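The values are calculated or read from the model by the stated rules, or taken from the named source; none is laboratory data. Small disclaimer: the values here were computed from a predicted structure and weren't measured. Every residue, glycine among them, receives a Cβ derived from its backbone with ideal geometry; neighbour counts consider all protein chains shown. Side chains are part of the model used for accessible areas, which takes the heavy atoms of the whole protein and leaves out ligands, DNA and RNA. Shrake-Rupley method; radii C 1.70, N 1.55, O 1.52, S 1.80 Å.
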Amino acid sequence: MSLALTAPAIPVHAVPAVSVQELSLGFESNGKMTHVLEGVSFELAQGECLAIVGESGSGKSVLGRTILGVGSQPNSEHSQGAVLLSGDDQLTASAQERRSRAGTRVAMIYQDPMTSLNPTVRIWKQVIESISNRRRLSRREGRAKAVEMLRAVGVPDPERRIDAYPHEFSGGMMQRVGIAAAIAGNPDVLIADEPTTALDVTVQRKVLDLLDRIRRDSGMSMILITHDLGLLTGRADRTMVLYAGRVLEIGPTERITTAPAHPYTQRLLAAIPNVSGTLRRELPALDGGLPPLDRPRTGCPFASRCEIAMPQCHTERPPAVQLAPDHIAHCWAAADPAEGTAP
Amino acid sequence: MRTTSLPEKTPSGMGPVDGEAFVTIRGMEVQFRGPKGTVHAVDGIDLDIRKGSVLALVGESGSGKSTIAKALVGLVARSGGTVSVGGVEQAPERRNRPRQSRAALQMVFQNPVSSLNPYQKVATIVAEPLRVAKVPADSRVKRVRELLGAVGLDVDSILDKRPGEISGGQAQRVSIARALAAAPELLIADESVSALDVSVQATVLNVLRRLSVEGGLSMLFISHDLGVVRTVSDDIAVLHLGQLCEVGPSEAVLAAPAHPYTAALRAAVPEPGIPLGEAKHTDAEPPSPLSPPSGCSFRERCLYATAVCAELRPALTELGGGRRVACHHPLIPAAHDTAHEAHAKENSA
């Protein structure tokens, strides 16, 4: 898309890189339905970084894989809504169409580079796989491309390193190789699923800095899936909080991490042990667990653990409360002006 | 049985007291030989754990945290040094220690579900150490209920469950209850909360802290998470490539690290709503344990390294206030330096 050089008097109607609309997914196993996602909606603008935050069982990884269009596809009878990649629906696309989009339009970085790379294949072949799957590359072209990609992600001495096998790299270097493989096809959308969870903090920082730089330089959009609310500040433009397959809150990262509106987000932040600030020997624990996922949730999925739950929280699905132009919480308490949280 | 009936408190009622060392580790060395050479996984470590206190071991992967724990328990044989627990010398290998010594050191591992037998009920799992200790069956049942209560579990609902039927946080508390069943003198928690969700992690940390403060249980707590370490520990020991960088009271060390490596770790911790400042280490890769650098093992990543750091391995020296640091250019000066110099150094850093 070309941009006018003058100030944009009329906002250009841009197609979002990703648009998820009322997505519900269910998996059937042993005659039991598991409702993994329920009515998830959000948009990812071009060049934007959206963080999807949630604990185990929140559905964050399934959501990532559904956008990527790989892995076990849910039973189509039990999937509703739409997952649009620049307007093209991933849910209704054929397996072949989804395969052709993977790598060039959307790509993924996984948590554990040790297991997501093939241990028996030299690095260079894996880095250029998304390109060589589509068009014939001479060995020379392929190797040159791999060197270029490894250099771009800061692997030292790439000419020599392209012939190495995954186990010859440290964890941090291996994750750089995973990133190189993901961005080699120049995708519009990069999904990073817990990309630094397996790494030391000193290395984590370098890998996240690299992803930031790639996104800014290339203009690709990014979805950062994580359980760690600490990572987001200064990195994700917006943050979406997922719980038991539902979006509880979405808004600018600054607001979500410093002035969250949903009780779950508030409790989650409070439970993180802090290195800065006052020492807390006793952390406010969040007892209980996820509601059963084998039936559709009535009301708010967090109601059973919520300290301020009201009767309707258990029975009626909470409304989307607009707290700021870009900040929405799905919460009855936020909807009630008496609580003083609504604007 | 002292540990979970929670009778006596430490004199101050909470937190550390200047008790004598209960666990004493001197000159511990562990080496692994492989085809590419020998790795000094633990390279001459001196550590004390005071009675009723929690000592945290921190450091990156490969720093030797878990190896120290395993050598302490005797799962890995140390090649040098001594270990004494409650004044009793411990043989390098577990099989050479008397049963009482083996029971005295109990470990809780990272992954709660895989460290419990999936076919056994919780009641059976927790009763196992009691059966080994030949506790009669009727008092066993009573004791299992006490232990599960002490770790904050709803006893009646959990007794007949199997590991697959309970949450990760519950499973980790069952692991702790099982460890406590052996009436340990020292609990070793190796990344025991790392696999847990934040909301659940808080519950387990609260349980561990209570066992220490109210139950007088001594603990070695291993974690890569400085926030977790600060919450639960009294003292902290920072490891880099099998060597100690810094030891001291957790609050003091984390508030003002003396070793550049501690400062680097501290600066890399991401916290919600707080932007990360400048990195406090160079871009150099962590060194290979097979060919560690000469002198100080951190020098290639250190912002303050000079020629002397490549020549001489720094010795642990006293800083005062119970703190020790192994650095030629510590960020806070040794006890005899003036406070003014300390301030100037911190500002320039």
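Here is a yes/no grid of residues against (1) of a type in the set (A, V, I, L, M, F, W, C); (2) in contact with a Lys or Arg (Cβ under 9 Å, 6 or more places away or on another chain):
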| position | (1), (2) |
| --- | --- |
| B:LEU148 | yes, yes |
| B:LEU159 | yes, yes |
| B:ARG173 | no, no |
| B:LEU208 | yes, no |
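Checking each residue in the range A:170-195 for being over 16 Å from A:GLY103 (Cα atoms), open to solvent by 10 Å² or more (accessible area, probe 1.4 Å) and assigned to a loop (DSSP other than H, G, I, E, B) picks out A:SER170, A:GLU194.
Those strands (runs of 3 or more DSSP E) of the range B:35-124 in which 2 or more residues are within 14 Å of another protein chain (Cβ to nearest Cβ), open to solvent by 30 Å² or more (accessible area, probe 1.4 Å) and over 30 Å from B:GLU165 (Cβ atoms) are absent. Residue check: A:ALA198 meets all listed conditions (1) more than 30 Å from A:SER58 (Cβ to Cβ); (2) open to solvent by 20 Å² or more (accessible area, probe 1.4 Å); (3) within 14 Å of chain B (Cβ to nearest Cβ); (4) not in a helix (DSSP H, G or I) but one, namely (1). One residue alone among B:ALA56, B:ALA69, B:ALA77 is modelled with pLDDT of 95 or more and more than 16 Å from the chain's Cα centre (by Cα), and that residue is B:ALA77. For the range A:123-147, the tally of residues that are surrounded by 17 or more Cβ atoms within 10 Å (Cβ to Cβ), among the basic types (Lys, Arg) and assigned to a loop (DSSP other than H, G, I, E, B) stands at 0.
Taken over the range B:239-264, the residue count meeting the criterion of being touching a Pro at 6+ places or on another chain (Cβ under 8 Å) and closer than 22 Å to B:PRO293 by Cβ is 6. Of all residues in the range A:20-36, those that are on the phi > 0 side of the Ramachandran plot have Cβ atoms under 9 Å from Cβ atoms of residues that are surrounded by 12 or more Cβ atoms within 10 Å (Cβ to Cβ), 6 or more apart or on another chain, in A:GLU22/A:GLY39; A:GLU22/A:VAL40; A:GLU22/A:SER41; A:GLU22/A:GLN80; A:GLU22/A:GLY81; A:GLU22/A:ALA82. Any chance you could count how many residues in the range A:305-321 are closer than 13 Å to A:ARG267 by Cβ and surrounded by fewer than 17 Cβ atoms within 10 Å (Cβ to Cβ)? Number satisfying all stated conditions: 2. Assessment of the range B:175-187 against the conditions (on the phi > 0 side of the Ramachandran plot, open to solvent by 30 Å² or more (accessible area, probe 1.4 Å), hydrophobic (A, V, I, L, M, F, W, C) and at pLDDT below 95) yields at least one matching residue. Taken together, A:LEU290, A:LEU268 contain a single residue that is among the hydrophobic types (A, V, I, L, M, F, W, C) and more than 7 Å from every other protein chain (Cβ to nearest Cβ), which is A:LEU290.
Name the residue that is farthest from A:SER58 (Cα to Cα), counting only residues in the range A:272-288 that are open to solvent by less than 40 Å² (accessible area, probe 1.4 Å) and without any contact (Cβ under 8 Å) to a residue 12 or more places away in the chain. This residue is A:SER276. Taking each residue of the range A:242-269 that is closer than 23 Å to B:GLN201 by Cα and looking for partners that are part of a strand (DSSP E or B) and among the hydroxyl-bearing types (Ser, Thr, Tyr) with beta-carbon atoms closer than 6 Å, six or more apart or interchain, yields A:ILE256/A:THR239; A:TYR264/A:TYR243.
Can you tell me which of (1) in contact with a strand residue (DSSP E or B) (Cβ under 7 Å, 6 or more places away or on another chain); (2) surrounded by fewer than 20 Cβ atoms within 10 Å (Cβ to Cβ) is the one A:THR265 doesn't meet? It is condition (2) that A:THR265 fails. Within the range A:109-122, the residues that satisfy the criterion of being outside any loop (DSSP other than H, G, I, E, B) and in contact (Cβ under 8 Å) with a residue 12 or more places away in the chain are A:ILE109, A:PRO113, A:MET114, A:SER116. If we scan the range A:244-252, do we find a residue that is within 10 Å of chain B (Cβ to nearest Cβ) and open to solvent by 10 Å² or more (accessible area, probe 1.4 Å)? No, the range A:244-252 contains no residue that is within 10 Å of chain B (Cβ to nearest Cβ) and open to solvent by 10 Å² or more (accessible area, probe 1.4 Å).
Would you confirm whether or not the range A:218-225 contains a residue that is modelled with pLDDT under 95, more than 9 Å from every other protein chain (Cβ to nearest Cβ) and surrounded by fewer than 20 Cβ atoms within 10 Å (Cβ to Cβ)? Yes. Does A:LEU229 satisfy the criteria of being open to solvent by less than 10 Å² (accessible area, probe 1.4 Å), among the aliphatic types (A, V, I, L, M) and within 13 Å of chain B (Cβ to nearest Cβ)? So A:LEU229 fits the description; yes.
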